[in-house]
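Peer 1: My structure is below; once you've seen it, I'll send some questions.
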Amino acid sequence: MIQFENVSVTFKDGKKPVQAVKNVSFTIEDGDIFCIVGGSGAGKSTLLRTINQLQKISNGNVLVNGKLVRDLKHRDLHDLRKNVGMIFQHFNLAESKTVFQNIAFSLEDAGWNKADIEKRVTELLDFVHIADKRDVYPAQLSGGQKQRVAIARALANNTSILLCDEPTSALDAETTTSVLKLLKEVNEKLGVTIVIITHELDVVKTICNKVVVMKDGSVVERGDVYSVFTDPQHPFTQELLAHEQNFKLPNEIWNTATGGIYRLVYKGDAATDSVLSEVTVENHVKFSILHGKIEYIAAKPLGILYVTLQGEKANVAAVVEKLKQRIFRVEKQERDEN
């Protein structure tokens, strides 16, 4: 378990203090895949680095498995850092060492004997699916393969916590998918708690079960991923998600549409039910789908449809009321003249 209790981090910019993290409190449970999301300069990476004391806090407490991180010195701090692996956006591999040597390095530093190192590195190479790259150098690897080496290296000392700072930002979409799948396996098969810093919302939706949203050093929203993404409460989170979930209808649609235009949001099982067809037939209203999609957030469906409803005013009103009772949200759309 990782606990942040009123954590603040202040830097000095010349003589002026700058608060990078402001009075942050939340808990990461064992077994979570936990995302910290926000824009550039939100304080995400600074907060992440307080977990293994790569960044000292100014106020408050960080606890890992009940131990105050700020109190750890020498051997105790070394043991914490062995237990907390870390991977980065740009991999941080030693270019002069082979894949095997990059992974073995932390084990040598921890005093493992040669036979145990050979066995452990071989296990890890198999687990991250790059056993055939054992003796090559990082320059000969793709970005995805480099990140697999970095993950293996971070897990080498039987890590129980894995910190990931923008782990997919340097990767293309296909490689990102494969690396996220691997991180999911690390969590499920090895029981490793994973904390991910990212600005990529697709990463959060694909792999995480819990999320906090940061802005200007503060946590503005927290909760399970599905709840936060389907019903954001803070204006910043709403704005962050609006780019993905809202669709600006072109002028051609507005010029030719017959009837009112509505945005329908479906959560859970309703996202795959034929609710719209049922209620429109019952009330003698015609509908046309202008735009729509179903996406899966933390393995749960969220459906968004833009439709026109055509019929008698009272019948359309009845349809809208019945939809409000059966789906998550119904919003009448107004034309944006900008």
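Peer 1: Can you tell me, using C-alpha contacts under 8 Å and at least 6 residues apart, the relative contact order of the stretch 132-222 as a whole percent?
Peer 2: About 26 percent, as a whole number.
Peer 1: Looking only at 153, 81, 326, which one moves most when the chain is put into a Gaussian network model with springs between Cα atoms under 10 Å?
Peer 2: 326
Peer 1: If you don't mind, there's one more thing I want to ask. Once both axes come from the Cα atoms, what is the angle between helix 114-127 and the longest principal axis of the chain, in degrees from 0 to 90, rounded to 10?
Peer 2: Value to nearest ten degrees: 10.
Peer 1: I would also like to ask the following. According to the square roots a ≥ b ≥ c of the eigenvalues of the Cα gyration tensor, what is the shape class of the stretch 241-338, taking rounded for a/c under 1.5, prolate for a/b larger than b/c otherwise, and oblate for the remainder?
Peer 2: Verdict is oblate for the stretch 241-338.
Peer 1: Out of the DSSP beta bridges found with both residues in the chain, what percent are antiparallel (nearest 5)?
Peer 2: 70
Peer 1: With r defined as the distance between the Cβ atoms of residue 140 and residue 199 and R0 fixed at 22 Å, what FRET efficiency is calculated, to the nearest 0.05?
Peer 2: 0.15
Peer 1: What ranking do 46-53, 85-92 get when scored by the average of other Cβ atoms within 10 Å per residue, highest first?
Peer 2: Descending mean neighbour count gives 46-53, 85-92.
Peer 1: Shifting gears a bit: Determine, for each peptide in 122-135, 236-249, 94-107, the mean count of other beta carbons within 10 angstrom over its residues, then list the peptides with the highest first.
Peer 2: Per-residue mean Cβ counts within 10 Å order the peptides as 94-107, 122-135, 236-249.
Peer 1: Residue separation times 0.36 nm, minus the C-alpha to C-alpha distance between residue 126 and residue 97: what's the value?
Peer 2: Computed gain between residue 126 and residue 97 is 8.5 nm.
Peer 1: Let me ask something else about it. List the aspartates and glutamates whose alpha-carbon lies under 15 Å from that of residue 22, not counting same-chain residues fewer than 8 positions away?
Peer 2: Straight-distance partners of residue 22: 5, 216, 221.
Peer 1: Right, next: For the chain, what is the mean residue ellipticity at 222 nm derived from helices alone (per DSSP H run of n ≥ 4: -39500 (n - 2.57); sum divided by total residues; nearest 500 deg cm²/dmol)?
Peer 2: The per-residue figure over the chain is -11000 deg cm²/dmol.
Peer 1: Using the Cα gyration tensor of the stretch 34-162, with a ≥ b ≥ c the square roots of its eigenvalues, what is the shape: rounded (a/c below 1.5), prolate (a/b larger than b/c) or oblate (neither)?
Peer 2: oblate
Peer 1: In a solvent-free Debye calculation with one equal scatterer on each Cα, what is log10 I(q)/I(0) for the chain at q = 0.08, 0.10, 0.11 Å⁻¹, listed in the order of the q values?
Peer 2: -0.50, -0.71, -0.81
Peer 1: By the gyration tensor of its Cα atoms, with a ≥ b ≥ c the square roots of the eigenvalues, what is the shape of the stretch 156-202: rounded for a/c under 1.5, prolate for a/b over b/c, or oblate?
Peer 2: prolate
Peer 1: Modelling each spin label as a point 7 Å along the Cα-to-Cβ direction, I'd like the residue 114/residue 16 distance in nm, to one decimal.
Peer 2: 5.9
Peer 1: Additional query: Anything over 29 Å Cα to Cα? Flag those among 189/210; 146/300; 181/267, in the order listed.
Peer 2: Over 29 Å Cα-Cα: 146/300.
Peer 1: Then there is this: Between helix 99-109 and the chain, what is the angle of the helix's C-alpha long axis to the longest principal axis, kept within 0 to 90° and rounded to the nearest 10?
Peer 2: That works out to roughly 60 degrees.
Peer 1: A follow-up question, please. So, R0 is 41 Å and r is the distance between the beta-carbons of residue 169 and residue 247; what FRET efficiency does that work out to, to 0.05?
Peer 2: 0.95
Peer 1: Return one number: the angle in degrees, 0 to 90 and rounded to the nearest 10, between the long axis of the Cα atoms of helix 74-83 and the longest principal axis of the Cα atoms of the chain.
Peer 2: So the inclination is approximately 50 degrees.
Any read-out appearing in this document is the output of simple, stated calculations on the displayed coordinates, not a laboratory observation. Here the structure is a predicted model, which means the values were calculated and not measured. Cβ coordinates were reconstructed from backbone atoms using ideal geometry, including for glycine residues, and neighbour counts include every protein chain displayed.
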